[in-house]
């Protein structure tokens with residue numbers, strides 16, 4: 001029975017030019033993605049890359065992906081502005097009743113069509129993530145996918161997807177079919193995640209032997225941490241689904257608050273669990289991941305929470321952040337006698353840390369004072385110039401820095417105090433990892449404390465309205481320079497840690513684009529939220545290593561900045577507050593978009609003219 | 001020493017051309033366009049491909065008229081490529097944010113993201129190694145004045161830069177488009193009430209700056225060859241030039257570029273270390289900000305060119 005109304009329009013009649021624009025953009029994005037993942041070209045064959053990525057079957061999967069995203073965006077926008085409504089008035093029926101009640105040819109066609117579509121999507125996904133990264137979508141390779149058990153994992157996912165699609169279609173077309181019973185969905189999700197975790201590993205054929213389930217075997221499922229990752233993700237997803245359904249009220253009631261009430265016991269439990277995980281988990285990783293846990297993830301977490309002070313807390317932009325990192329590293333080299341310029345005395349690397357902090361901080365103050373006095377946005381380009389200068393000095397000032405040939409060896413960390421002798425051995429990455437944790441955790445708590453102290457409140461006041469803050473007696477310049485130099489000194493400490501582990505420094509490890517990498521870590525997780533930045537940094541530093549390791553998606557390390565650049569633009573357009581935003585920062589950005597106050601301390605967009 | 005001075009002047013002309021893009025966009029939007037370096041890079045690549053497919057690796061044309069034709073068409077193609085890229089940047093990295101009235105930080109981050117995206121895309125599609133460009137003329141010293149050598153490049157760059165900059169100056173100060181740009185720079189809201197299409201004016205500002213940036217890219221390409229990161233350094237120096245001349249000030253950007261070139265290159269005569277030039281330029285930027293933040297000619301955000 002159609003609901004009575006003056007005009008009952010079909011769902012497609014409410015589409016307009018805005019939706020067409022959205023779909024075009026999404027499809028265009030899919031094509032750009034195809035170019036990004038396609039093969040490289042060269043100057044002699046400038047069109048090769050485009051031809052091989054856009055004019056071949058390579059583009060199909062990405063175009064499909066773009067179109068799916070476009071449909072989802074359109075659906076979300078339409079539901080949001082109330083043009084489309086989900087109607088739930090039908091009585092509850094069991095799954096069997098529901099499936100037998102589907103009578104008309106239209107419905108059957110829709111069911112079959114959506115099932116086919118999701119199966120195709122699954123096979124395409126299996127293909128793209130499969131071991132054959134090039135020459136995608138040829139029938140030969142597609143057929144090959146069925147030899148790998150992983151494809152069946154994706155097919156299971158496809159079935160889940162199909163149910164979802166069917167549900168959506170029926171809601172959309174008002175066929176009044178209820179969503180599936182909770183228990184069925186939950187069981188299905190768990191099962192499919194289990195199969196997915198079993199099958200998503202590229203080294204699969206061995207997984208279904210008896211060895212796979214034998215915990216003591218070297219190649220066991222339980223030795224591979226992706227298994228746990230998938231299981232945790234699946235459990236979380238299932239749990240959130242269950243709780244969401246259970247809480248949906250039958251009668252009009254005030255919307256349940258989505259904020260979780262954190263009791264002290266929960267907090268302590270979380271800390272203990274996180275601590276246990278942080279302490280215990282790395283032991284089970286392979287050497288490759290242990291090294292990258294320190295080098296790729298630990299150091300970059302430190303850098304990211306340092307930059308978060310500048311970008312997130314103070315609302316400034318620092319594009320030459322890597323310069324302070326380089327300063328810290330070269331100061332360490334100097335005090336170990338690794339530079340052509342000899343120091344007056346040699347220092348244990350632990351004792352270099354205060355020097356690195358002070359020197360980086362001084363550089364920050366010297367750079368920040370003249371620049372920030374004037375206009376916040378000049379800081380971005382001044383730091384960009386500073387980063388380039390530091391690189392040029394490291395590369396060309398041979399008599400001091402050793403130039404592009406690199407520095408001499410840098411002594412590692414060691415303790416020889418009160419009868420304790422311990423030398424950190426570079427061949428044991430875990431010892432460095434624990435040291436890094438030892439400095440990272442205090443830093444996190446310190447910065448969090450700072451953000452909730454008078455200093456943090458002053459930063460927030462300056463971000464939101466600089467003029468008002470100054471009229472209340474807050475010295476804006478002081479707090480901005482403070483944030484900038486604190487970020488700088490954090491980078492200095494990270495520099496010491498890198499120098500000590502690497503042993504020899506080359507200018508090429510401090511190129512300016514590294515600053516952009518660190519910036520994206522901060523932006524992705526959510527500027528201003530330490531938890532968000534940490535999670536973002538861990539994820540974004542882990543992902544390229546993982547993709548390189550397994551050569552999924554035809555990913556190449558050389559294309560890293562292509563993805564980073566695109567990610568920055570997309571984040572700024574769709575979600576400037578980041579994935580796990582700090583509540584205050586999110587509100588500031590939304591408020592400033594509505595014309596209330598500002599969300600950074602770069603100075604007002606419309607400025608009084610100097611006369 | 002006079003030789004370094006001459007070098008500085010002609011390097012400075014390139015900075016002036018690029019600086020115009022910064023100063024125009026800053027005048028209208030109050031934003032540093034971090035993606036402007038990629039406009040220069042695109043111009044350079046367009047110039048490379050034009051010369052590669054017309055002259056190729058064959059002989060350098062020896063007729064003056066043919067050379068001039070190559071240069072004029074090359075500048076136009078490079079400038080057009082720069083214009084297109086600048087408009088694309090405005091369309092995808094700026095306009096969605098402007099529609100939402102995003103905070104300033106978001107624009108800067110989105111522009112730097114667009115810059116890295118374009119840079120890596122060119123590196124991916126056209127190879128990551130630097131390459132020389134086919135030459136439309138043979139470079140030689142034309143005449144020497146007080147020890148300063150004036151080469152063929154210098155003369156070509158001088159003539160082209162003067163023509164282009166005079167054109168921009170006329171466009172900004174005389175034409176309807178220029179009047180719209182100045183009106184938006186002064187007060188966008190009032191300008192839109194007066195019937196100025198703000199979005200189109202901003203796009204045309206990007207286009208104008210993009211044309212100059214692309215044309216500058218052509219000269220950088222024939223002089224130093226191409227590379228996907230070729231835009232970074234000239235663009236950084238050009239921003240310094242824009243600040244030196246007074247940001248938002250079109251004539252200031254022109255003069256600032258030449259002054260920066262002279263101040264950067266002349267000290268090499270005494271120090272003898274070519275890499276010092278960037279250190280000097282950067283110190284100049286910090287010193288201007290410290291002592292005369294409005295630049296040589298003063299900031300003119302929105303007042304007549």
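Numbers at a glance
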{"read-out": "Segment residue A:477-residue A:117, length gained on full extension (0.36 nm per residue, minus Cα span)", "value": "123.8 nm"}
{"read-out": "Likely footprinting exposure, B:124, A:78, fewest C-beta neighbours within 10 Å first", "value": "A:78, B:124"}
{"read-out": "Relative contact order [Cα under 8 Å, 6+ residues apart], region B:179-268, whole percent", "value": "13 percent"}
{"read-out": "Overall form of region A:1-85 per C-alpha gyration tensor (a/c, 1.5; a/b vs b/c)", "value": "prolate"}
{"read-out": "For B:194, A:36, B:1, order by how many other beta-carbon atoms lie within 10 Å, fewest first", "value": "B:194, B:1, A:36"}
{"read-out": "C-alpha long axis of helix B:276-291 to longest principal axis of chain B, angle in °", "value": "30 degrees"}
{"read-out": "Inter-chain shielding of A:376-386 (mean C-beta neighbours from other protein chains, 10 Å cut-off)", "value": "6"}
{"read-out": "Partner chain coverage, peptide B:29-38 - average Cβ within 10 angstrom", "value": "3"}
{"read-out": "Chain B shape via C-alpha gyration tensor axes, a/c threshold 1.5", "value": "prolate"}
{"read-out": "Computed over region A:1-85: relative contact order in percent, which uses C-alpha pairs under 8 Å that are six or more apart", "value": "33 percent"}
{"read-out": "Gaussian network model of chain B, Cα within-10 Å springs - most flexible of B:278, B:38, B:90", "value": "B:278"}
{"read-out": "Residue A:277-residue A:430 pseudo-label distance in nm [points 7 Å out on the Cα-to-Cβ vector]", "value": "1.9 nm"}
{"read-out": "For residues of A:587-593, the mean tally of beta carbons on other chains within 10 Å", "value": "3"}
{"read-out": "Virtual paramagnetic centre 7 Å along Cα→Cβ of residue A:345, amide N under 16 Å, in region A:351-367", "value": "A:351-356"}
{"read-out": "Point-to-point label distance, residue B:129-residue A:287, nm (Cα→Cβ direction, 7 Å offset)", "value": "3.4 nm"}
{"read-out": "Percent RCO, i.e. relative contact order, over region B:116-210, from Cα pairs under 8 Å lying at least 6 residues apart", "value": "13 percent"}
{"read-out": "Neighbour-count ranking [beta-carbon atoms within 10 angstrom, fewest first] of B:80, B:164", "value": "B:80, B:164"}
{"read-out": "Overall form of region A:467-548 per C-alpha gyration tensor (a/c, 1.5; a/b vs b/c)", "value": "oblate"}
{"read-out": "FRET efficiency for residue B:144 and residue B:91, using Cβ-Cβ distance with R0 set to 51 Å, rounded to 0.05", "value": "0.60"}
{"read-out": "Spacing of the two label points (7 Å from each Cα toward its C-beta) at residue A:448 and residue A:268, in nm", "value": "1.6 nm"}
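Every read-out reported here was derived from the displayed coordinates using simple, explicitly stated rules and does not represent laboratory data. As the structure is a computational prediction, the values presented were derived from the model and not from experiment. Counting neighbours? That spans all protein chains shown, and the Cβs are built from the backbone with ideal geometry, glycine included.
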